[in-house]
Amino acid sequence: MRIDVLTLFPEMFEGPLGYSIPKRAQDKGIVEIALTNIRDFGVGNYNKVDDAPYGGGPGMVMACGPVFDSYEHAAKQHPAKGRVIMMTPAGRKLDQKLMRELSSEERLILIAGRYEGFDERIQEGLDAEMVSIGDYVLSGGELAAMVVIDGVVRLLDGALGHEDSALDESFSGGLLEYPQYTRPEDYHGMTVPEVLLGGNHALIEQWRRQQALERTRSLRPDLLEEL
Ligand code: 9WO
């Protein structure tokens, strides 16, 4: 998979994508992530990328020119069009289903904005989808784009090592994870459930399934409605 990100802060991506699963997936060639700095397509001596809103009002708006130009720069680096996605609280709410959908694409182009928003013609002209990671406002779209990338990349074939692969079951079954314990058996008087110490794997399986269901029912009943 090829992922392009259009952003004013490409350096922000280095940390999250430089460790663990995303790092290994890039090293193995499972995903190629390319960052395009919108500032490189800014206008004039100061590489201006924003301007005051028509009609007045506070703040600045990301201008069309630099975003369209950075899009063209990224688009021509790979043959597949893929899906063009703007990170905005106005978008489709991200969930594991959308993560799986996006992970089946050959290519993604993510657009992370700053300032008070985008010129409306950017979404229209690029025919971009809008995706939200939740109902809150951030300082920019970068963290949201990183959430999408992390969730998508770990679903790509070969991205998870053997020791990680079981973890994917936790949400994909639509239930919350069952309670887990490791040594010691007694930590300051807090003990591990007896069934887990017994070695009866059928019984353990049954207990975990029941715990996952109960826990989902009490903490996240909304998840059960989607099953
Ligand atoms: C902010 C906003 C607030 C209410 C309704 C619609 C909105 N759109 C935006 C928006 O696109 N903001 C741009 C990106 C510019 C300001 C900072 N940005 C941003 C993206 N803040 N929060 C997000 C975001 C992205 C995805 N999921 C949650 C939040």
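The values are calculated or read from the model by the stated rules, or taken from the named source; none is laboratory data. Keep in mind that what you see is a predicted model, and the values were worked out from it rather than measured. Positions of Cβ are backbone-derived with ideal geometry, glycine not excepted, and every protein chain shown enters the neighbour counts. To get the accessible areas, we keep the full protein, side chains included, count just its heavy atoms, and leave off ligands, DNA and RNA. Shrake-Rupley method; radii C 1.70, N 1.55, O 1.52, S 1.80 Å.
A few remarks follow.
- Point-charge dipole on Cβ atoms (K/R +1, D/E -1) for the range 1-157, about Cα centre, debye to 20: 400 debye
- Using a probe of 1.4 angstrom and keeping all protein chains present, the accessible surface of the chain works out to 59 square angstrom per residue.
- The residue among ILE111, LEU156, PHE9 whose Cα reaches farthest toward the positive pole of the charge dipole of the chain, with charges on the beta-carbon of Lys, Arg, Asp and Glu, is LEU156.
- The chain: angle of helix 64-75 to the longest principal axis, Cα-based, in degrees nearest 10: 60 degrees
- Qualifying lysines (Cα of each under 20 Å from Cα of LYS81; at least 8 residues distant if same chain): none
- Between ILE204 and LEU224, the simple spin-label model (points 7 angstrom out along Cα→Cβ) gives 2.7 nm.
- Ordering 65-72, 41-48, 22-29 by mean Cβ neighbour count within 10 Å, with the highest value first, yields 65-72, 22-29, 41-48.
- Using alpha-carbon coordinates, inclination of helix 201-219 to the longest axis of the chain, degrees: 50 degrees
- Here the sum of -39500 (n - 2.57) over DSSP H runs of 4 or more residues, divided by the residues of the chain, equals -10500 deg cm²/dmol at 222 nm, to the nearest 500.
- Dipole magnitude for the range 68-187: computed about the Cα centre from +1 point charges on Lys and Arg Cβ and -1 point charges on Asp and Glu Cβ, it is near 300 debye.
- Efficiency of FRET from Cβ geometry, MET60 and GLU185, R₀ 45 Å, rounded to 0.05: 0.15
- Of all beta bridges that DSSP places with both ends in the chain, some 20 percent have antiparallel geometry.
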